Structure formats: structure tokens, C-alpha cells
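Written below as C-alpha cells is the structure these notes are about.
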């Protein structure tokens with residue numbers, strides 16, 4: 001007897017032109033999903049098989065225009081990956097920078113989640129994954145703006161899961177540790193990365209594909225009971 005044909009899920013992955021977001025988009029494409037991708041660059045920067053939108057989530061007009069599309073797009077899987085950061089001493093944080101970080105890292109996931117919920121409720125099925133950070137679970141100096149946005153994202157995710165899990169909509173946070181991306185390399189440099197590796201029990205940085213593989217499972221039909229969690233993937237860094 002042949003198995004019933006699985007419907008093709010529609011997935012929205014924000015901030016998916018590079019790094020972790022790109023790896024997630026590639027993995028969900030491999031899983032057979034129709035992937036909608038966002039970024040601030042041109043469509044030439046992403047895979048040709050995705051439906052691409054250039055969106056600036058720090059700009060209300062750009063965001064509101066995209067939200068109109070999302071509400072009608074029948075999204076089954078939402079991965080809120082887009083995020084920004086700025087390192088500053090606490091007393092020197094500029095309020096404009098603070099607001100911009102929170103608008104992109106916290107307010108946008110809220111609005112996008114709101115935009116997809118009715119469709120997910122109609123289908124009694126949906127998956128929302130918010131890409132946080134280990135700095136949404138622990139923190140350090142000069143990370144007040146970023147950490148507060150990511151701690152907030154975790155709290156929002158828990159509240160969302162408490163409300164919508166009964167509709168078959170599972171919501172979780174994934175908190176990557178230090179991942180081998182172009183951004184990490186530019187910020188830390190080779191010497192900084194080598195020093196950091198000594199503090200990670202696995203003695204290496206994570207790979208974007210490792211984050212993508214876990215997100216792939218979280219948003220799949222195989223995940224039937226995991227919701228409301230903040231799942232840290234950091235090679236043991238924050239626990240050992």
C-alpha cells in the first residue's frame with residue numbers, strides 16, 4: 001500500500017542570504033519545501049530556487065508592505081532568523097541603536113508570527129522557530145542591547161507556545177553558540193577563534209548546517225510534542 005502524499009509546506013526564512021539563515025533555507029529546500037527568503041541584498045545573493053523578497057525590517061514601510069504579503073501567503077513554517085547586533089558599553093548605548101536592534105530582533109518576529117497564525121490555526125498545524133543566541137540565555141559585557149532582545153525573544157516564544165500549541169502550532173527558540181560564519185570570522189579573526197575554541201568542549205566552532213539540521217527536524221512532521229523550549233546548540237560552551 002502506498003503512503004499518502006505529503007503536502008508541500010511553505011516556509012518563510014528571514015535573513016537567509018548568508019550564514020545560518022542561508023543554511024536553513026538550503027536545508028528546507030532539500031526537505032522539499034517551498035521556501036520564501038528575505039534579506040537586504042539583491043536576489044542574486046540567494047539560491048535561485050527560493051522566492052526572494054528584499055526587506056528592511058528596521059524600516060516600517062518596508063516591513064508593513066511585506067506583512068501584507070505574509071498574511072495572504074499561507075505560511076506553514078516560519079523561521080525568524082533575521083537579526084542585528086551592536087556592541088557598546090552600557091552607559092554609551094544610543095537609544096536609536098537600542099530601538100533598531102529590538103525592532104529587528106524582537107518586534108519583527110512578533111509581527112511575522114501574528115501574520116501567519118490565522119492560516120496555521122485554519123490548518124491546525126504550524127511551526128514557528130525563533131533563532132535566538134546563547135546570549136539570549138547567558139550574557140557578557142557590552143551585549144545589553146543584543147541580549148535583552150534575545151532574552152525577550154525567548155520569553156515571547158514561551159508565551160506564544162502556551163497560547164497556540166493546542167492548535168497544533170509548535171513554537172520554539174534555537175540558540176546557536178559560536179558558528180563558523182563569515183560574520184564570526186570578521187569579528188573574531190583567526191587568533192580570536194583559536195582562543196575561543198579552547199573554551200568550547202568540542203574544541204571547534206559549530207557549522208551553519210548543524211543548526212539547519214536541527215531546525216529541519218523542529219519544523220517537520222516528526223516533531224509532534226516539543227514546544228515552548230529554548231534549545232542551545234553551542235558545543236557545550238554555556239554549560240561546561
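Cβ-Cβ below 7 Å, separation at least six or inter-chain, first residue in segment 47-71 and on the phi > 0 side of the Ramachandran plot and surrounded by 18 or more Cβ atoms within 10 Å (Cβ to Cβ), second assigned to a strand (DSSP E or B) and modelled with pLDDT of 95 or more: which pairs?
Once the first residue is on the phi > 0 side of the Ramachandran plot and surrounded by 18 or more Cβ atoms within 10 Å (Cβ to Cβ) and sits in segment 47-71, no partner that is assigned to a strand (DSSP E or B) and modelled with pLDDT of 95 or more comes close enough.
Every residue in segment 161-194 that is without any contact (Cβ under 8 Å) to a residue 60 or more places away in the chain and either surrounded by 18 or more Cβ atoms within 10 Å (Cβ to Cβ) or within 19 Å of the chain's Cα centre (by Cα) (or both), please.
164, 169, 170, 171, 172, 173, 174, 175, 178, 180, 184
Listed here are the residues, each with its yes/no results for (1) at pLDDT below 95; (2) out of contact with any strand residue (DSSP E or B) (no Cβ under 9 Å at 6 or more places or on another chain); (3) crowded, with 17+ Cβ neighbours inside 10 Å; (4) over 16 Å from residue 148 (Cα atoms).
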residue: 90; (1), (2), (3), (4): no, yes, no, no
residue: 98; (1), (2), (3), (4): no, yes, yes, no
residue: 104; (1), (2), (3), (4): no, yes, yes, no
residue: 109; (1), (2), (3), (4): no, no, yes, no
residue: 112; (1), (2), (3), (4): no, no, yes, yes
residue: 124; (1), (2), (3), (4): no, no, no, yes
residue: 131; (1), (2), (3), (4): no, no, yes, no
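Mind listing whichever residues of segment 33-46 are modelled with pLDDT of 80 or more and either closer than 18 Å to residue 219 by Cβ or assigned to a loop (DSSP other than H, G, I, E, B) (or both)?
33, 34, 35, 36, 37, 38, 40, 41 - these are the residues of segment 33-46 that are modelled with pLDDT of 80 or more and either closer than 18 Å to residue 219 by Cβ or assigned to a loop (DSSP other than H, G, I, E, B) (or both).
I need a count of the residues in segment 133-145 that are part of a helix (DSSP H, G or I) and in contact with a strand residue (DSSP E or B) (Cβ under 9 Å, 6 or more places away or on another chain). Walk me through how you get there before you give the answer.
So in segment 133-145, the residues part of a helix (DSSP H, G or I) come out as 134-136, 144-145.
Still in the running and in contact with a strand residue (DSSP E or B) (Cβ under 9 Å, 6 or more places away or on another chain): 134-136.
Summing the residues that are part of a helix (DSSP H, G or I) and in contact with a strand residue (DSSP E or B) (Cβ under 9 Å, 6 or more places away or on another chain) in segment 133-145 gives 3.
Would you pick out the residues in segment 146-160 that are out of contact with any strand residue (DSSP E or B) (no Cβ under 7 Å at 6 or more places or on another chain), surrounded by fewer than 23 Cβ atoms within 10 Å (Cβ to Cβ) and in contact (Cβ under 8 Å) with a residue 24 or more places away in the chain?
148, 152, 156, 158, listed by residue number.
Mind listing whichever residues of segment 8-46 are closer than 16 Å to residue 75 by Cα and without any contact (Cβ under 8 Å) to a residue 40 or more places away in the chain?
8, 25, 29, 32, 34, 35, 36, 37
Within segment 7-23, restricting attention to residues that are surrounded by fewer than 22 Cβ atoms within 10 Å (Cβ to Cβ) and assigned to a loop (DSSP other than H, G, I, E, B), which residue is modelled with the lowest pLDDT?
The selected residue is 7.
The values are calculated or read from the model by the stated rules, or taken from the named source; none is laboratory data. Treat the numbers as computed from the prediction; the structure is a model and nothing was measured. Heads up, the Cβs are rebuilt from the backbone with ideal geometry, glycines too, and the neighbour counts pull from every protein chain shown.
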